[in-house]
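What follows is a single structure, written as structure tokens, with notes after it.
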Amino acid sequence: MNVIFVGSDLKGYYVEEVCEAEGLSMGYISTAMDKVSLTKAVIRSAPSIAVINLEELSFSGDDIGEIFENVRNAIGCQIIFMGSGYTENMSIIRQMKELGFNEYILSVNLSEMKNELRQCLNRKTGFDDRGDDNFADTDYEGGPSETSDAYGGDGSKTGKEGSETANIGRKTANAGQKTGKYDLGTDKTGCETAGIKATEKKIRRSPVKIGVCGCMNRIGTTTVCIQIVKHLNLTGKKACYIQMDNSGHMELYRDYLSGRVLKKSADPGHFRYSYVEVFCSWEAFLNAENEPEEYDYIVCDYGVESYEKDRFQNILNSDISVVVGGIEPNEIEALQDVLGFMFDYEAQYVFSFVAENDRECLSEMMGEKADDTSYIENTPDAFSYNIDNDIWIEKIIYRHSVKAERESEKRKKIPILPSTGEKENE
């Protein structure tokens, strides 16, 4: 577990002392940067706990709330605000509490400040505070700090197994309801104007459908899907994850977390974890007890598709088609089978577990598909956003937006000719 202090070492020295006594690693992040840079810096550091010194932040209360909502939604870390001498009636504290932030260090006495910090750390110890805010009316009991590899999917190592549990004893009402409001470097693409034709009545409009499949098992398909959802939500879009295959992976994930981080749900096909809406099947998405929200994007995880044409139509009929591959010999062989069928179709290729110095060579091997090739950064926990994945996700979204714009322009240029009857009348 690691702790970061957002502020100077002059203000955070006592946090360092407590962390050392508790056996926790600690680092500092300067507040001398703009909103976007600060958000990225905290997310990139991927702390388990972030202690924020309000005195050293020059942003408005609204901006502070947006920054640390984005941080919480992206990596699910515990947020502790420090304001020595502040009171609970101050507007900045009230604003943070309205957003679901409930841990503060407000004392002016050094020993009391240390005690308040210890109390916050004890609530966090060994616990991954990323519960299902669909059930925010009940307090969550302690759960696993991070899910084990058995339930991580795609072979991802998603954290330490057998971690301690603790009762965090606080509610997370509305904690994940709001998405980030400002751009983290993405283009304002307006991709939500394009989409699939929704024949089902329950979908009121057509979201952009992103279809993702892997060339083989344990290649990182689910991790790619969840990272795309996290990115879209972080940049102010509404997105969800839908399991489209029969692997039962998300049901296992749900069952493993139930009673620990998640509470029992009346709708077993739908849960929310780490501020990601998860549907265990397409039917669950359409038939959820609470009618599905209108999403800008739906990310459909098809798992490992066979190479039969009728099965691959699921991917090709998506607005954005993504194939996940790898660099090991068996992974390359499986990808060649996919390319043999999909070469003439538009698709994006994302490679997992590829070292930086191997990427240029692999892109050359992809030949005509080099421009459609990207690489997911090391992401051991699918539900914790790695902000370095911004680059390839933005590339995928941007290419779709350009395509949608071109198609829109073509439709505008089609001349409207008079009917035959009109010509004869003339």
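The values are calculated or read from the model by the stated rules, or taken from the named source; none is laboratory data. As the structure is a computational prediction, the values presented were derived from the model and not from experiment. Cβ atoms come from the backbone with ideal geometry, glycine included; neighbour counts cover every protein chain shown.
Give me the pairs, please: first residue somewhere in the stretch 210-229 and within 12 Å of VAL350 (Cα to Cα), second residue anywhere and aromatic (Phe, Trp, Tyr) and assigned to a strand (DSSP E or B), beta-carbon distance under 6 Å, and either six or more positions apart or on two chains. Final answer for the pair search is CYS213/TYR302; CYS225/TYR241. Looking at the stretch 230-253 only, could you name the residues that are outside any loop (DSSP other than H, G, I, E, B), farther than 30 Å from ILE67 by Cα and among the aliphatic types (A, V, I, L, M)? Result: LEU252, single match. Applying the criterion of being more than 20 Å from the chain's Cα centre (by Cα) and among the polar types (S, T, N, Q) to the residues of the stretch 55-77, the residue that is surrounded by the fewest Cβ atoms within 10 Å (Cβ to Cβ) is SER58.
Yes/no matrix, rows are residues, columns are (1) closer than 29 Å to ASP372 by Cα; (2) of a type in the set (Lys, Arg); (3) over 18 Å from the mean Cα position of the chain (by Cα); (4) at pLDDT below 85:
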| position | (1), (2), (3), (4) |
| --- | --- |
| ASN246 | yes, no, yes, no |
| PHE271 | no, no, no, no |
| GLU293 | no, no, no, yes |
| CYS300 | yes, no, no, no |
| VAL304 | yes, no, yes, yes |
